[in-house]
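Structure first, then comments.
The values are calculated or read from the model by the stated rules, or taken from the named source; none is laboratory data. These numbers were taken from a predicted model, which means no experiment stands behind them. Positions of Cβ are generated from backbone atoms using ideal geometry, with glycine treated the same way; all protein chains shown enter the neighbour counts.
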Amino acid sequence: MNAVKFGWHLPSFPVDGSGGTAFVDQIAATLERVETAFDSAWMDDHFIPWAAWQSPETPYLECVSTMAYLAGAFRQIKFASSVFCQSYRNPALLAKTVANLQLLTRGRMIFGIGAGWLEREYAQYNYPFPAPAVRIAQLEETVEIVKALWTQTPAGYQGKYYRIDEAYCEPKPDPLPPIVIGGGGEQLTLRVVAKHADRWDLSGASVETYAHKLEVLRRHCEAVGRPFDTIVKGLSTEGIALASSQAEAQRIADASPYNSGKAIVGTPEQVAAQLQRYVDLGVRYIVVRLLDFPRTEGIELFAREVMPLVNSPTKL
């Protein structure tokens, strides 16, 4: 079995009343402890806190500039957008931005992208918020433009929503960043995944839901002539409350505002066993959010004890 890789879903806003500078220090302190254990760090692409329970006045870190800063400070880990909202940037500019980050980081970028969803954010920042079918069509055109700019010189593209005309993106990213498409819409989004994604990411799904989505994705792959196994299957957890005892893990889960009721809660053995159910379905990339942040005990325990168990299921 191929080894499972892990990413850390770093928080984009504080939950303990910290100011902006203190919050950045909390993230840095965590990365200092785990950057060699995790394959990647994932950053939300929003401008305001996406959580309804969080005040819009809470400090919030913008995705591109934060990744650029952290990638310069921490050079042993990849950085990923979780996921770029295609609506927020011109597709050609986005292609150039990620290509430039790939150059500056010496190949440590993962290009995650989705159709966008936070309607109040669109309204606040004066972005049009069309129907889901339109946003997904725009997502596909964005990915096609990104691919063209990364592989053609010059590149041209004429879509219904976006176009480029003899456009240049130099230097080309080398290697090409993996394209991760997030979402689980069965009629449209998963078809875009089947056509274009190197990796697919689904957030917060139960084992049963994930298995169902896999079958839908398989059918889309068959329809477009794409080998199903060429897409890396990924999972982003809603949250993990981890401790050496079940009681302490439950206390962390109960205290965290991030816990929507879908958190994975337990000891290292219990958490690994729950993640293993997804791995048994074919998941090979897991992005985790530890609910005790800004403490680092949970993520350090995860790296030390959960990762080896998931990659050695006979020990469970």
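Can you find a residue that is under 17 Å from Val15 (Cβ atoms) and of a type in the set (A, V, I, L, M) anywhere in the stretch 269-281? Before you say what the answer is, go through the steps one by one.
Quick first cut of the stretch 269-281, residues under 17 Å from Val15 (Cβ atoms) only: none.
For the stretch 269-281, residues under 17 Å from Val15 (Cβ atoms) and of a type in the set (A, V, I, L, M): absent.
Go through the stretch 14-25 and give me each residue that's farther than 14 Å from Phe74 by Cβ, buried (at least 17 other Cβ atoms within 10 Å of the Cβ) and either modelled with pLDDT of 95 or more or of a type in the set (Ser, Thr, Tyr) (or both). It would help to see each step written out before you state the result.
As a first pass, look at the stretch 14-25 and keep what is farther than 14 Å from Phe74 by Cβ: 14-23.
Restricting the remaining residues to those that are buried (at least 17 other Cβ atoms within 10 Å of the Cβ) gives 14-15, 23.
The answer is Phe23, and nothing else.
Return the only residue of Glu248, Glu269, Glu222 being in contact (Cβ under 8 Å) with a residue 24 or more places away in the chain, surrounded by 12 or more Cβ atoms within 10 Å (Cβ to Cβ) and charged (D, E, K, R). Walk me through how you get there before you give the answer.
On the way: Glu248 fails: in contact (Cβ under 8 Å) with a residue 24 or more places away in the chain; Glu222 fails: in contact (Cβ under 8 Å) with a residue 24 or more places away in the chain.
Unique residue meeting the criteria: Glu269.
Which ones in the stretch 272-287 are crowded, with 22+ Cβ neighbours inside 10 Å and either more than 22 Å from Ala80 (Cβ to Cβ) or among the basic types (Lys, Arg) (or both)?
Listed by number, the list holds a single entry, Ala272.
Residue under question is Ala92, and the condition is that it be closer than 30 Å to Gln158 by Cα, surrounded by 16 or more Cβ atoms within 10 Å (Cβ to Cβ) and over 18 Å from the mean Cα position of the chain (by Cα); does it hold?
Answer is yes for this residue.
Among the listed residues Glu305, Glu300, which satisfies the condition of being out of contact with any Pro (no Cβ under 6 Å at 6 or more places or on another chain) and modelled with pLDDT of 95 or more? Break it down stepwise before answering.
Working: Glu305 fails: out of contact with any Pro (no Cβ under 6 Å at 6 or more places or on another chain).
After ruling out the rest, the residue left standing is Glu300.
Could you tell me whether any residue of the stretch 165-182 is closer than 30 Å to Ala253 by Cα and among the small types (Gly, Ala, Ser)?
Initially, the stretch 165-182 is screened for residues closer than 30 Å to Ala253 by Cα, giving 180-182.
Next cut, among the small types (Gly, Ala, Ser) only: 182.
Within the stretch 165-182, one or more residues are closer than 30 Å to Ala253 by Cα and among the small types (Gly, Ala, Ser).
Considering only the stretch 271-286, state which residues are polar (S, T, N, Q) and in contact with a Gly (Cβ under 8 Å, 6 or more places away or on another chain).
As a first pass, look at the stretch 271-286 and keep what is polar (S, T, N, Q): 274, 276.
Passing the criteria: only Gln274.
When residues of the stretch 126-164 are filtered for being exposed (fewer than 15 other Cβ atoms within 10 Å of the Cβ), of a type in the set (Lys, Arg) and not in a loop (DSSP other than H, G, I, E, B), how many remain?
Final tally of qualifying residues: 1.
Looking at the stretch 165-184, is at least one residue of a type outside the set (A, V, I, L, M), over 28 Å from Glu300 (Cα atoms), in contact with a Lys or Arg (Cβ under 7 Å, 6 or more places away or on another chain) and not in a helix (DSSP H, G or I)?
Keep residues of the stretch 165-184 that are of a type outside the set (A, V, I, L, M), which gives 165-166, 168-175, 177-178, 182-184.
From the residues that got through so far, the ones that are over 28 Å from Glu300 (Cα atoms) too are 165-166, 168-175, 183-184.
Among the residues that remain, those that are also in contact with a Lys or Arg (Cβ under 7 Å, 6 or more places away or on another chain) are: 169, 184.
Within this subset, residues satisfying the condition of being not in a helix (DSSP H, G or I) are 169, 184.
Yes, some residue in the stretch 165-184 is of a type outside the set (A, V, I, L, M), over 28 Å from Glu300 (Cα atoms), in contact with a Lys or Arg (Cβ under 7 Å, 6 or more places away or on another chain) and not in a helix (DSSP H, G or I).
Yes or no, residue by residue, for (1) among the hydrophobic types (A, V, I, L, M, F, W, C); (2) in contact with a helix residue (DSSP H, G or I) (Cβ under 7 Å, 6 or more places away or on another chain); (3) within 27 Å of Ile286 (Cβ to Cβ); (4) in contact (Cβ under 8 Å) with a residue 24 or more places away in the chain:
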{"residue": "Gly107", "(1), (2), (3), (4)": "no, no, yes, yes"}
{"residue": "Gly112", "(1), (2), (3), (4)": "no, no, yes, yes"}
{"residue": "Asn126", "(1), (2), (3), (4)": "no, no, no, no"}
{"residue": "Ala131", "(1), (2), (3), (4)": "yes, no, no, no"}
{"residue": "Ile136", "(1), (2), (3), (4)": "yes, yes, yes, yes"}
{"residue": "Thr142", "(1), (2), (3), (4)": "no, yes, yes, yes"}
